[in-house]
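Asker: Here's a structure for you.
The values are calculated or read from the model by the stated rules, or taken from the named source; none is laboratory data. Bear in mind that the values here come from a model prediction, so they are computed numbers and not experimental data. All Cβ positions, glycine included, derive from the backbone under ideal geometry; neighbour counts span all protein chains shown.
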Amino acid sequence: MRHFVYFSSKAVTSGKALSGEKGKGDLMKAGRMDIAIHSIISAFFLSHAFRKDVKMHLVFYGPPDPPKHIEMQIKDELEISKKDVGNLIKKILYKYTPGKKKEVLPGCFIEKKSFLGVIDELMNEGKKIFILDKKGKSIRKETIPENSVFVIGDHEGLPAKELKRLKKIATKISVGPKMYFASQVITIVNNELDIREAERS
Ligand SMILES: C[S@@+](CC[C@H](N)C(=O)[O-])C[C@H]1O[C@@H](n2cnc3c(N)ncnc32)[C@H](O)[C@@H]1O
């Protein structure tokens, strides 16, 4: 399983906030939810297929009730369309129940958990943590074990305070010399892992 952790300091944390006034939500105004949506599409969608070997962790710190951790994995029973990922996130946020990690739709969980809390849990499960950073070591030169975790920031990057702690436990890797969109980074990492898997088989 490949794990992507997408951090957003501004993405809204309730279904109502994502709906906006009179249900006409503007994804750009919902803390750049458009970036989260593009990242989900890059994580899961292939031409005529889904990636079932990916878990996406979205950690949102925007108003009104941060932090929220949404965990998503593609299951056969999950209704997901590239055109409607925003609505799917809205449904998941609406179904949040305080004090619980709840499977609100097939393969989709929501809970209140901090960014470092999510990373700590994955690390305690024995997974290797990689921070995606333009200045990191080239991904092509790095050994990447199965079940690795890739941490990616939104348009504002990763939070400075948490990053300080994260650097002690994680390895910084780069996917190239340009600053890419979060969704493009996910595509490149998936592609790199696809190539390695194909070479092994
Ligand atoms: C649009 S970039 C963030 C730009 C933000 N202004 C900053 O300085 O971090 C979104 C995320 O993609 C990842 N990223 C962008 N370019 C990358 C690269 N060349 N290698 C690895 N990760 C990259 C980083 O995790 C970054 O937080």
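Asker: With respect to Phe50, is the statement that it is of a type outside the set (A, V, I, L, M), more than 16 Å from the ligand (Cβ to nearest atom), in contact with a helix residue (DSSP H, G or I) (Cβ under 6 Å, 6 or more places away or on another chain) and in contact (Cβ under 8 Å) with a residue 12 or more places away in the chain true?
Answerer: yes
Asker: Now, a different point. Within region 117-136, count every residue that is free of Cβ contacts under 8 Å to residues at least 40 places away in the same chain and either within 10 Å of the ligand (Cβ to nearest atom) or touching a Leu at 6+ places or on another chain (Cβ under 8 Å) (or both).
Answerer: Adding up the residues that qualify gives 2.
Asker: I would also like to ask the following. Show the residue pairs that are 6+ apart or on different chains and have beta-carbon atoms under 9 Å apart, the first residue being within region 168-183 and more than 6 Å from the ligand (Cβ to nearest atom), the second being part of a loop (DSSP other than H, G, I, E, B) and at pLDDT 95 or above.
Answerer: Listed by first residue and then by second, the contacts come to Ala170/Lys128; Thr171/Lys128; Thr171/Glu142; Ile173/Glu142; Ile173/Ile144.
Asker: Among the numbered criteria (1) within 9 Å of the ligand (Cβ to nearest atom); (2) within 15 Å of Ile35 (Cα to Cα), which one does Val189 miss?
Answerer: The one condition Val189 does not meet is (2).
Asker: Quick one: how many residues across region 138-155 are touching a strand residue (DSSP E or B) at 6+ places or on another chain (Cβ under 8 Å) and closer than 23 Å to Met33 by Cβ?
Answerer: Residues flagged as touching a strand residue (DSSP E or B) at 6+ places or on another chain (Cβ under 8 Å) and closer than 23 Å to Met33 by Cβ within region 138-155 amount to 6.
Asker: Select from region 138-167 the residues that are away from the ligand (no atom under 12 Å from the Cβ) and under 16 Å from the mean Cα position of the chain (by Cα) and write down the one among them that is surrounded by the fewest Cβ atoms within 10 Å (Cβ to Cβ).
Answerer: Only one residue tops the list, namely Asn147.
Asker: Which of the residues that make up region 80-104 are within 17 Å of the chain's Cα centre (by Cα) and of a type in the set (A, V, I, L, M, F, W, C)?
Answerer: Those that are within 17 Å of the chain's Cα centre (by Cα) and of a type in the set (A, V, I, L, M, F, W, C): Ile80, Val85, Leu88, Ile89, Ile92, Leu93.
Asker: Please name all residue pairs, on different chains or six or more residues apart, with Cβ atoms under 7 Å, provided the first residue is in region 31-45 and is under 12 Å from Leu18 (Cβ atoms) and the second residue is in a helix (DSSP H, G or I) and aliphatic (A, V, I, L, M).
Answerer: Sorted first by the residue in region 31-45, then by its partner, the pairs are Met33/Leu18; Met33/Ile89; Ala36/Ile89; Ile37/Val85.
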